Amino acid sequence: MGSPARGTAERSHKGKLNIGVETIQHGVEGLTYLLTESSKLMISEIDFQDSIHVLGFSDELNKLLLQLYLDHRKEIRSILSELAPKLPSYHSLEWRLDVQLASRSLRQQIKPAVTLKLHLNQNEDQTAQVLQTDPSTLLHLIQQLEQALGEMKTNHCRRIVRNMK
């Protein structure tokens with residue numbers, strides 16, 4: 001059980017603000033969301049002003065929010081990048097083509113298989129993943145990756161990547 005002085009102070013703050021705890025919590029969450037999303041996208045000063053103008057705040061409050069955003073967006077982006085998961089990155093690839101020409105039961109059998117050893121870097125450690133597939137599946141994978149690379153060259157994707165930086 002808390003001390004009587006603490007309970008009195010909490011009640012008096014509520015009385016002075018005349019706002020419920022949930023309202024304050026929602027306000028802080030909304031402000032946090034506004035600042036983090038704006039910082040993630042590195043939106044311009046004008047876009048930020050347009051975003052908060054629709055909220056119906058006073059001009060003075062809009063100016064304060066804009067200044068808060070401008071003063072802290074780089075720091076927010078830095079914190080967000082530290083919190084982002086560190087994904088493995090490509091280091092090298094080894095491959096081998098194996099072809100089974102015959103077996104005891106089938107003398108005229110051709111069964112190709114591609115074995116890939118993918119070396120990855122993650123947090124300054126190197127790991128290796130061994131994958132095996134048939135050539136037709138590998139060709140399909142190559143086509144899908146080439147299609148994805150082609151989509152990265154579109155104006156829409158370039159805009160998204162530019163805003164992510």
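The values are calculated or read from the model by the stated rules, or taken from the named source; none is laboratory data. Please read all numbers here as calculations on a predicted model, not as lab measurements. Counting neighbours? That spans all protein chains shown, and the Cβs are built from the backbone with ideal geometry, glycine included. Please note that ligands, DNA and RNA were not included when accessible areas were found on the heavy atoms of the full protein model with its side chains. Shrake-Rupley method; radii C 1.70, N 1.55, O 1.52, S 1.80 Å.
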Segment 105-115 - phi-based ³J(HN,Hα) in whole Hz, Karplus 6.51/-1.76/1.60, Gly and Pro as x: 8, 10, 7, 10, 10, 10, 10, x, 8, 9, 10
How big is the Kirkwood radius of segment 32-165, worked out from every pair of different alpha carbons and given in Å to one decimal? 19.9
Taking 22 Å as R0, compute the FRET efficiency from the Cβ-Cβ separation of Gln144 and Thr115 and round it to 0.05. 0.65
What base-10 log of the normalised intensity I(q)/I(0) is obtained for segment 59-136 from the Debye formula, alpha carbons as equal point scatterers, at q = 0.12, 0.13, 0.16, 0.24 Å⁻¹? -0.63, -0.67, -0.79, -1.06
Per residue value of the accessible surface for the chain (all protein chains in place, 1.4 Å probe), Å²: 84
Förster-model FRET efficiency, 35 Å R0, Ile24 and Ser78, C-beta, rounded to 0.05: 0.85
Within the set of other residues whose C-beta is less than 12 Å from the C-beta of Gln49, count the net charge using Lys and Arg as +1 and Asp and Glu as -1. -3
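FRET efficiency for Met42 and Cys157, Cβ-Cβ distance as r, R0 = 22 Å, nearest 0.05?
Numbers: r = 17 Å, r/R0 = 0.77.
So, using R0 = 22 Å, E works out to roughly 0.85.
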Amide H to amide H, which residues 5 or more places from Met42 or on other chains are under 5 Å from it, using H placed in the peptide plane? none
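Helix check for the chain. Which DSSP H runs span at least 15 Å along their own axis by Cα, with a mean Kyte-Doolittle hydropathy no less than -0.5? Don't skip to the end; give the middle numbers.
Values: long enough: 4-17 (20 Å, -1.43); 21-41 (30 Å, 0.06); 59-83 (34 Å, -0.32); 135-152 (26 Å, 0.17).
The qualifying helices are 21-41, 59-83, 135-152.
Do any GluC sites (Glu not before Pro) in segment 80-165 lie in a loop, going by DSSP, with at most 13 other beta-carbon atoms within 10 Å of their beta carbon, and if so which? Could you put the intermediate results ahead of the total?
On the way: sites: Glu82, Glu94, Glu124, Glu146, Glu151; in loops: Glu124.
Answer by residue number: Glu124.
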